[in-house]
Amino acid sequence: MKRLVADELVLSFVPDTEQRLWRTVTRRKYQLTRNHVRLQNQLEGLLEECHIKLSSLVSDLLGASARRMLKALAEGETNPVALAAMADKNLRATQAQLCDALGACTELKPIYRRLLQMFLEELKFIDQQISKLDQELASLLSRHHDAVVHLAEIPGLGVDSAQQIIAEVGAGAATFPSAKQLSSWVGACPGEEESAEVSKSHRSPKGNRHMRRILNQAANAAAKSKGTIFEIVYRRLVSRLGHNQTIGAIAHRLCRLIWIILHRSVRYEERGPSVNAKSRRHRTNRMIRELRSLGYRIEPLVATA
């Protein structure tokens, strides 16, 4: 009690009611996303058991072309040629390859069709729930639209990641006086375990597991972003530290960068070697499409000719 009165104890971060609501929605959406991935893997396993090799020819088993073929297959279509004709013209696989992959459809048992129909209905239901949560989250974070956009501009992050970060640390990261304290709370910084002025371990603290997951995913994506400063950092450190520690170092940089952008309300400026007008325009257009699909209203500042 005396230490608490003397301000020698740091209290745990307890977000307010509004931010707790953000966390509930974003974490529920993450759970649904994991369920979606799990069901997709089970669906692929079911197709492999039926000797249907569709996943080897399409990049996305739940894309538009694959969904049309799987839906027709579940409804009773048995002709591989008719199923292959439902694929999009831009699909890399040829009609002959699709027919060969779907050749086992002629002998598919009815129980497999019913199981396939169950998978498709459950996946459709999860997609609808995720879409509703996207709309709810866009409404809840409508006052912090600028913060979402500023975070989404960072390489490796997107609108969904930006919303999750704001739900975890707040719209302005006001609880954390410095980037160092935010990194320590997240657990994205090296540990300082010392005894008798001798370093025992640099293992990172546990921190907030949701933020660590987001930062690790973003760090892996940022390291693959061509022409960015994070790609340079990855290439410079990976030979000495290895992949995992390098990703941890990039996640630490991202965490400090997130604090600066949220705390100071500034925008990200890329300092990589291949920054040009075309790449910026392409990234801006992609982010605008993603924001609009999530329910945000985007209006250009200057009308284009």
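The values are calculated or read from the model by the stated rules, or taken from the named source; none is laboratory data. Just so you know, these numbers come straight off a predicted model, no measurement behind them. All Cβ positions, glycine included, derive from the backbone under ideal geometry; neighbour counts span all protein chains shown.
Things worth noting here:
- Helices (runs of 4 or more DSSP H) fully within region 107-172 counting 3 or more residues that are at pLDDT below 90, touching a His at 6+ places or on another chain (Cβ under 6 Å) and among the β-branched types (Val, Ile, Thr): none
- Extreme residue, nearest to residue 167 (Cα to Cα), among residues of region 29-67 that are among the basic types (Lys, Arg) and exposed (fewer than 15 other Cβ atoms within 10 Å of the Cβ): 34
- When the criteria are applied in full, residue 228 meets the requirement of being crowded, with 16+ Cβ neighbours inside 10 Å and either among the basic types (Lys, Arg) or at pLDDT below 90 (or both).
- Looking only at residues in region 81-92 that are surrounded by fewer than 18 Cβ atoms within 10 Å (Cβ to Cβ), of a type outside the set (D, E, K, R) and part of a loop (DSSP other than H, G, I, E, B), the one that is farthest from the chain's Cα centre (by Cα) is 85.
- Residues (in a helix (DSSP H, G or I) and surrounded by 10 or more Cβ atoms within 10 Å (Cβ to Cβ)) located in region 10-28: 18, 19, 20, 21, 22, 23, 24, 25, 26, 27, 28
- Of the residues making up region 208-243, just one is without any contact (Cβ under 8 Å) to a residue 24 or more places away in the chain and polar (S, T, N, Q), namely 239.
- Every residue from region 26-48 that is in contact (Cβ under 8 Å) with a residue 40 or more places away in the chain and either of a type in the set (S, T, N, Q) or farther than 19 Å from residue 124 by Cα (or both): 26, 27, 33, 35, 40, 42
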